[in-house]
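**Q** Take this structure, written in structure tokens, and hold onto it; I'll ask about it next.
Here, each number is a calculation from the coordinates, and none is a lab measurement. This one's a predicted model, so the numbers in the text were calculated from it and none came from an experiment. Virtual Cβ from ideal backbone geometry, glycine too; neighbours counted across all protein chains shown.
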Amino acid sequence: MSSWEIVNADCFDVLPETIERVSNPVIVTDPPFNIGYHYNEYRDKLPESEYWAMLGRIANMGAPSVFVHYPEGINRLSIEIGRAPVRVLAWVYPSNTARQHRDIAFYGVKPDFRRVRQPYRNQNDKRVRELQKRTGGGRLYDWIECNQVKNVSKEKTVHPCQMPLELMQKVVGILPDGITVIDPFAGSGTTTLACALAGIPSVGIEVNELYAQVAYERIEATTGVGVEYVEKSAMAHADEVVRCRAVAGTEKGEG
Ligand SMILES: C[S@@+](CC[C@H](N)C(=O)[O-])C[C@H]1O[C@@H](n2cnc3c(N)ncnc32)[C@H](O)[C@@H]1O
């Protein structure tokens, strides 16, 4: 059975064990960018070398990985880990800011852009309309245009730096079948929510308790699927794990 978990913990405490216990793990993450963002708990201003070593540890944890970062960040990470991504996809977000795109780099896992369909261009052309009808649309391009989540966005939570759900749905949608997606920097749980909507098992790990709870409630409220919430204290003593389970059709706290 597909399953979705939000774990409230430091990812470095639980990631090796999580990679070990799930089937075909693939890390998909939008990490902190080390630009002084105001998160609860995590300080987003590490010394440069420490920051890249931190992301390098995630990428070298033994699972294929997909990272969202600025283009320079993806290049820097590739140097840190000594290998290049197999594919890179651009996320373009038209705005009034100087920066309007980030890259999504696939390390050790090849995305299949045919798995996500989108409307063909030039729908005024009858032949294109017929093609659209027959095929359900063209394959995803190597760039995705999607607005950033703003304070006024419908999907906005209390998390200060949320990924658009539509974007993460496309990213997880082009990954192979049979994987389990792990997001070690889960924030408000957008990656795990996108997975839940697509029926892909996923574990989101978030160090801050408030964000972890927001993620848990958000996924449950949006999808109605059973989400498991694993408390921070539980992970330090695996045999005493206290799990609050909300499986569709059962009461909270059961299981
Ligand atoms: C860029 S945000 C992720 C936002 C997420 N993609 C979303 O859509 O909400 C990065 C998150 O990583 C969390 N974080 C930082 N260090 C962590 C660690 N060692 N373990 C787990 N989470 C961590 C921060 O608290 C923050 O919520």
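**Q** Return Arg134, Arg114, Arg87 ranked ascending by Cβ neighbour count within 10 Å, so the fewest neighbours appear first.
**A** Sorted ascending by nearby Cβ count, the order is Arg134, Arg114, Arg87.
**Q** I've got another one for you. Using a/c under 1.5 as the rounded threshold, could you call region 4-251 rounded, prolate or oblate? The axes a ≥ b ≥ c are square roots of the C-alpha gyration tensor eigenvalues, and prolate needs a/b larger than b/c, oblate otherwise.
**A** Taking the square roots of the gyration eigenvalues as a ≥ b ≥ c, region 4-251 is prolate.
**Q** Just subtract the alpha-carbon distance of Ser153 and Arg87 from 0.36 nm times their residue separation and send over the number in nm, one decimal.
**A** Details: separation 66, 0.36 × 66 = 23.76 nm, distance 2.99 nm.
My answer for the length gained is 20.8 nm.
**Q** Determine the sum of side-chain charges near Pro201: Lys and Arg each +1, Asp and Glu each -1, restricted to other residues whose C-beta is under 14 angstrom from that of Pro201.
**A** With Lys, Arg at +1 and Asp, Glu at -1, the net is -3.
**Q** Let me ask something additional. Given the options Tyr141, Ala221, Ile27, identify the residue whose Cα lies farthest towards the positive end of the charge dipole of region 4-251 (+1 on Cβ of Lys, Arg; -1 on Cβ of Asp, Glu).
**A** Of the listed residues, the answer is Tyr141.
**Q** Moving on to the next point. Can you give me the long-range amide H partners of Ile144? Hydrogens built in the peptide plane at 1.01 Å from N, cutoff under 5 Å, separation of 5 or more residues or another chain.
**A** Ala90, Trp91, Val92
**Q** Sequence-distant or interchain residues sharing an amide H contact under 5 Å with Val116, placed H: which?
**A** Those lying under 5 Å, H to H, from Val116 are Leu140.
**Q** Once label points are set 7 Å from the Cα along Cα→Cβ at both Ala53 and Glu72, what is their separation, rounded to one decimal in nm?
**A** Each label point lies 7 Å from its Cα, and together they span 2.2 nm.
**Q** For Tyr37, Tyr229, what's the fewest-to-most ordering of other Cβ within 10 Å of each Cβ?
**A** Numbers: Tyr37 13, Tyr229 22.
In increasing order of surrounding Cβ atoms, one gets Tyr37, Tyr229.
**Q** Next question, about the same structure. Could you tell me the center-to-center distance, by alpha carbons, between region 62-88 and region 126-177 in angstrom?
**A** Their Cα centres are 22 Å away from one another.
**Q** Further question on the same structure: In what order do Ser95, Ser3, Ser23 fall by count of nearby beta-carbon atoms within 10 Å, going from fewest to most?
**A** The most exposed by this proxy come first: Ser23, Ser95, Ser3.
**Q** With the crude spin-label approximation of a point 7 Å out along Cα→Cβ, what separation in nm comes out for His38 versus Gln118?
**A** So the label points at His38 and Gln118 sit 3.4 nm apart.
**Q** Would you please give the residues with an amide H less than 5 Å from that of Gly204, counting only those at least 5 places away or on a separate chain, with H modeled from the backbone geometry?
**A** For Gly204, the qualifying residues are Glu5, Ile6, Val7, Asp183.
**Q** Sort 154-161, 123-130 by packing, meaning the average of other beta carbons within 10 Å per residue, with the highest value first.
**A** 154-161, 123-130
**Q** For the chain, what number of Lys pairs, 8 or more residues apart or on separate chains, have alpha-carbon atoms under 22 Å from each other?
**A** On the way: Lys110/Lys170; Lys133/Lys170; Lys150/Lys170; Lys154/Lys170; Lys156/Lys170; Lys232/Lys252.
Taking the Cα cut-off of 22 Å, the pair count is 6.
**Q** Moving to a separate point now. Tell me, in nm to one decimal, what length is gained between Asn96 and Phe12 on full extension, where the rule is 0.36 nm per residue of separation less the Cα-Cα distance?
**A** Between Asn96 and Phe12, full extension yields an extra 26.6 nm.
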